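Here is the structure we will look at, set down as structure tokens.
The values are calculated or read from the model by the stated rules, or taken from the named source; none is laboratory data. Because the structure is a prediction, the values reported are computed rather than measured. We place every Cβ from the backbone using ideal geometry, glycine too, and count neighbours over all the protein chains shown.
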Amino acid sequence: MLRPSFLAAIRKVLDNTKFSALDFSVNSSSEDGEPILSVVFLHDDRFLFNVHEIKGGYKVVVSPGDTRMVEYFGLTSLEGISDDISSWSYRVYEEVKQFSPLAKEFEVFKAGLQDYVDSTIEDSLARFTASEINNMTGKLAELEARLAKMQSDAEITKQQYDKAVADLEKIVSSMQDLPKSVWYKTAGNRIWFLLQSFVTSKEGQKTISSAVQKAIGIEGP
């Protein structure tokens, strides 16, 4: 099993990509047959970067690859693996853009979110106060109530609603652990992908950006 500090370094690399570290799961296992390093894109688990230990080195399974959806390559050591993961994360981003009907809107949303963070948060390590957490929890509860109504009106399934609630609970709990600058970008991404996954009408898609901004308490770009 890899050292926690090594995994932390991988998360730091992911934080400097088009996404944030919390858009991925990063794990290590010592179980036979399990990857010694597994990085999975949480919004679409088809996208992964798995490293298996083999005799004399490592076998890497990546999706997406350079040209194919799934590719394999070998390594003699894990030195430089951060560069491989960074390149892979960019390919994930390109795939998300390619297949998203809201790719341009997502780009505008991310730019507006970054502008908000840059212009309102002077200390990149600043944390939420208790009153800010209470206020933000209330805003996210309003979104959950809207989703509950969508389920009662049969606009989304119970499975979609349950997943949404679980995601929102994680977003709320992460306010106590993350700096504001990181939380806003992570929460914005997660709620965007969440809403995009079941809002299919053109009218509904046009409101995703404003819905996310309202849920995390920021002004529109």
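Within the range 75-129, the set of residues being part of a helix (DSSP H, G or I), among the hydrophobic types (A, V, I, L, M, F, W, C) and over 15 Å from Q213 (Cβ atoms) comprises I81, I85, W88, V92, V96, F99, A103. Within the range 134-151, not a single residue is touching a helix residue (DSSP H, G or I) at 6+ places or on another chain (Cβ under 7 Å) and not in a helix (DSSP H, G or I).
Among helices (runs of 4 or more DSSP H) entirely within the range 157-215, having at least 1 residues that are basic (K, R) and modelled with pLDDT of 85 or more singles out 158-173, 180-196, 208-215.
Taking first residues from the range 52-74 that are over 17 Å from V40 (Cα atoms) and partners that are surrounded by 11 or more Cβ atoms within 10 Å (Cβ to Cβ) and among the hydrophobic types (A, V, I, L, M, F, W, C), the Cβ contacts under 6 Å between residues at least 6 apart in sequence or on separate chains come to E53/I36; G57/L75; Y58/V51; Y58/L75; F73/V60. Residue count for the range 73-100, restricted to those that are loosely packed, with under 12 Cβ neighbours inside 10 Å and over 26 Å from S197 (Cα atoms): 6.
Condition first: outside any helix (DSSP H, G or I) and closer than 21 Å to S173 by Cβ. Now tell me which residues in the range 1-29 satisfy that. Full working, then the answer.
Of the range 1-29, the ones outside any helix (DSSP H, G or I) are 1-3, 16-20, 24-29.
The answer is F19, S20, F24, S25, V26, N27.
Within the range 101-127, the residues that satisfy the criterion of being touching a Pro at 6+ places or on another chain (Cβ under 9 Å) and farther than 27 Å from S197 by Cα are I121, D123, S124, L125, A126, R127. Screening D23, D66, D84, D32 for residues that are at negative phi and under 14 Å from the mean Cα position of the chain (by Cα) leaves exactly one candidate, D23. Residue pairs whose Cβ atoms lie under 9 Å apart, sitting 6 or more positions apart in sequence or on different chains, and linking a residue in the range 89-115 that is modelled with pLDDT of 80 or more to a partner that is in a helix (DSSP H, G or I) and of a type in the set (G, A, S), are V96/A103; V108/S209; F109/G188; F109/S209; K110/G188; G112/S209; L113/G188.
Look at K59 and say whether it is at pLDDT below 95 and either more than 23 Å from K163 (Cβ to Cβ) or part of a helix (DSSP H, G or I) (or both). No, not satisfied. Restricting attention to the range 30-56, the residues that are part of a loop (DSSP other than H, G, I, E, B) and either surrounded by 14 or more Cβ atoms within 10 Å (Cβ to Cβ) or touching a helix residue (DSSP H, G or I) at 6+ places or on another chain (Cβ under 6 Å) (or both) add up to 7.
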